[in-house]
Amino acid sequence: MFVDSTFWKGTIMQNEIRVFGGIPLNGEVKISGSKNAISAILPALTLINSETESRIGNIPNISDLQALCNILEEIGLSTHWDREAKTIKIHGLITNNYLSEENVPKIRASSLFLGALLAMTGEVHMPFCGGDQIGVRPLDIHFYVFEKFNIETKIENGYIHCHATTFPLKNTTIYLRYPSVGATENALLLASRASGTTYIYNAASEPEITDLAVALTKMGAKISGAGTPIIRVTGVQKLQPIQHEIIPDRLELCTFLLALICTHGKGVIKGGIPEHCISVLHTLIDSGVDIQYDSETIHVDATRGYYKPIKIQALPYPGIPTDVQPLLSVFALLCNGNSIIHDTVFKDRFTYVNEFMKMGVEMTQLYDHLWINGPQSFTNAIVHGCDIRAASALVLAALCAPNETTVQGYHHIQRGYENFKDKLIHLGAKVSHSE
Ligand code: EPU
């Protein structure tokens with residue numbers, strides 16, 4: 001298997017990016033494949049259990065995927081990640097459903113191996129999954145889904161032990177108390193192998209769910225309603241190998257759009273699906289940003305900027321993504337007047353606020369609300385990003401500040417953005433990265 005030498009193995013690499021800000025970005029940027037879509041589809045390939053190969057394309061070169069490939073290998077499958085060709089090829093048979101502490105705690109998406117292995121073997125044992133430190137991230141809704149499929153869950157010595165009392169699994173009806181992305185994905189995995197038709201009500205409708213449903217449908221499951229709150233799945237006993245291209249990353253698209261806007265730049269974003277970012281695009285358009293878009297391209301001109309303040313709530317799709325709220329805070333600081341940012345999804349996702357304050361701006365946070373009175377300017381500092389989106393928001397802030405700002409925690413960005421630094425350089429930014 002291909003091994004990335006830069007991949008962190010449990011110890012944090014405090015690598016940093018130095019940004020020489022105050023330069024308007026300009027030019028064209030191409031969006032890579034979606035981190036969160038491939039993070040769901042790789043575990044789903046466990047359902048195939050075949051010596052014939054599956055091939056997934058448009059794979060972004062991000063470090064989170066190495067942990068997923070390692071888990072697939074631990075289960076018994078063979079993976080080949082060709083970074084040049086942007087493909088991962090997978091085949092093989094499951095030989096193990098007892099996962100070690102080595103890879104699972106590194107990423108949140110490892111929770112999907114619960115559903116995948118339960119669907120295939122009726123049993124799974126694994127440590128708790130990890131992921132970004134963005135507040136409490138319980139698994140109770142996942143366990144509720146398991147219960148509906150007659151799966152018992154027990155937590156012992158930091159391990160999750162699940163066992164199906166009826167196997168093969170039987171169809172069920174599920175109402176999710178909250179449209180959790182991960183719990184919906186686990187429900188889809190289980191239902192795709194269960195007999196009969198399963199209904200999932202109040203399902204998450206994020207584009208990554210739809211992409212997972214498309215992949216499962218290619219494998220042979222019969223799925224309707226993905227992308228809406230009611231999904232119907234008729235399972236099959238044997239799922240087939242597939243070829244599939246991952247959808248573009250809507251969160252990367254929003255990041256580069258905001259980088260162009262916040263630096264008063266001008267550019268074109270290609271290779272994304274603007275419709276997946278409607279809430280963000282229209283928040284910015286309503287605020288006064290000159291944005292034109294069609295089905296696959298966005299033109300933005302922020303060279304003449306007077307923007308109205310924004311009042312936003314991060315919500316499940318198609319609302320404003322929680323992942324974009326830290327980036328929208330940078331924009332709110334440029335707007336004229338009082339902006340309000342409210343995160344209803346991850347209520348503690350405001351770790352970047354302290355770091356912004358080190359850069360000389362004022363904002364008031366109370367619980368899940370943030371008040372920002374703009375316009376304000378950033379000054380230089382050494383700051384630290386402690387999750388993917390906080391770190392990318394800090395780089396955006398640094399691009400707005402004059403002179404040199406150091407953003408530590410660049411390894412978080414490498415977990416979720418392909419060639420982030422090089423894409424910024426291509427747009428005219430002056431940045432350098434050291435480990
Ligand atoms: N929740 C529960 N119980 C559960 C599951 C979730 O209370 O059993 C709560 C969470 O605590 C949170 C809310 O539900 O308050 C949303 O969590 P959800 O399960 O929808 O999120 P997730 O599956 O853990 C995925 C993405 C996140 C993204 C969220 C929301 C992946 C690997 N991660 O996480 O992406 O922020 O959906 O859209 O798909 C990122 O890319 O930076 C990132 C963190």
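Worth pointing out:
- In segment 371-391, the residues that are assigned to a helix (DSSP H, G or I) reach residues that are within 16 Å of the ligand (Cβ to nearest atom) and polar (S, T, N, Q) with C-beta atoms within less than 7 angstrom, at least six apart or across chains, in these pairs: ALA390/THR351.
- Boolean, GLU156 is within 16 Å of the ligand (Cβ to nearest atom) and either farther than 23 Å from VAL236 by Cα or among the polar types (S, T, N, Q) (or both): no
- Selection of helices (runs of 4 or more DSSP H) fully inside segment 64-174 by the criterion of at least 2 residues being of a type in the set (Val, Ile, Thr) returns 64-75, 140-148.
- Residue pairs whose Cβ atoms lie under 9 Å apart, sitting 6 or more positions apart in sequence or on different chains, and linking a residue in segment 14-39 that is within 18 Å of ALA259 (Cα to Cα) and of a type in the set (Phe, Trp, Tyr) to a partner that is within 16 Å of the ligand (Cβ to nearest atom) and not in a strand (DSSP E or B), do not occur here.
- Test for ILE261: is it buried (at least 21 other Cβ atoms within 10 Å of the Cβ) and over 17 Å from VAL181 (Cβ atoms): yes
- Within segment 335-344, being assigned to a loop (DSSP other than H, G, I, E, B) and crowded, with 20+ Cβ neighbours inside 10 Å holds for one residue alone: CYS335.
Here is a yes/no grid of residues against (1) of a type in the set (Ser, Thr, Tyr); (2) surrounded by fewer than 17 Cβ atoms within 10 Å (Cβ to Cβ); (3) free of Cβ contacts under 8 Å to residues at least 12 places away in the same chain:
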| residue | (1), (2), (3) |
| --- | --- |
| GLY131 | no, no, no |
| LYS148 | no, no, no |
| THR166 | yes, yes, no |
| ARG177 | no, yes, no |
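- Qualifying positions in segment 297-327 - away from the ligand (no atom under 14 Å from the Cβ), touching a residue at least 40 places away in the same chain (Cβ under 8 Å) and hydrophobic (A, V, I, L, M, F, W, C): ILE298, VAL300, ALA302
- Matching residues, segment 396-435, being buried (at least 17 other Cβ atoms within 10 Å of the Cβ), of a type in the set (Val, Ile, Thr) and part of a helix (DSSP H, G or I): ILE413
- Listed by first and then second residue, the pairs linking a residue in segment 194-219 that is crowded, with 17+ Cβ neighbours inside 10 Å to a residue that is among the acidic types (Asp, Glu) and part of a helix (DSSP H, G or I), with Cβ atoms under 6 Å apart and 6 or more places separating them unless they lie on different chains, are LEU212/GLU185.
- Subset of segment 381-395 (residues that are more than 15 Å from ARG18 (Cβ to Cβ) and surrounded by 22 or more Cβ atoms within 10 Å (Cβ to Cβ)): ASP387, ILE388, ARG389, ALA390, SER392, ALA393
- Every residue from segment 110-153 that is within 13 Å of the ligand (Cβ to nearest atom), among the acidic types (Asp, Glu) and out of contact with any helix residue (DSSP H, G or I) (no Cβ under 7 Å at 6 or more places or on another chain): ASP140, GLU147
- Residue among TYR306, TYR293 that is of a type in the set (Ser, Thr, Tyr) and either at pLDDT below 95 or at positive phi (or both): TYR306
The values are calculated or read from the model by the stated rules, or taken from the named source; none is laboratory data. Keep in mind the model is a prediction, meaning the values are calculated, not measured. Reconstructed Cβ throughout: ideal geometry from the backbone, glycine too, with neighbour counts over all protein chains shown.
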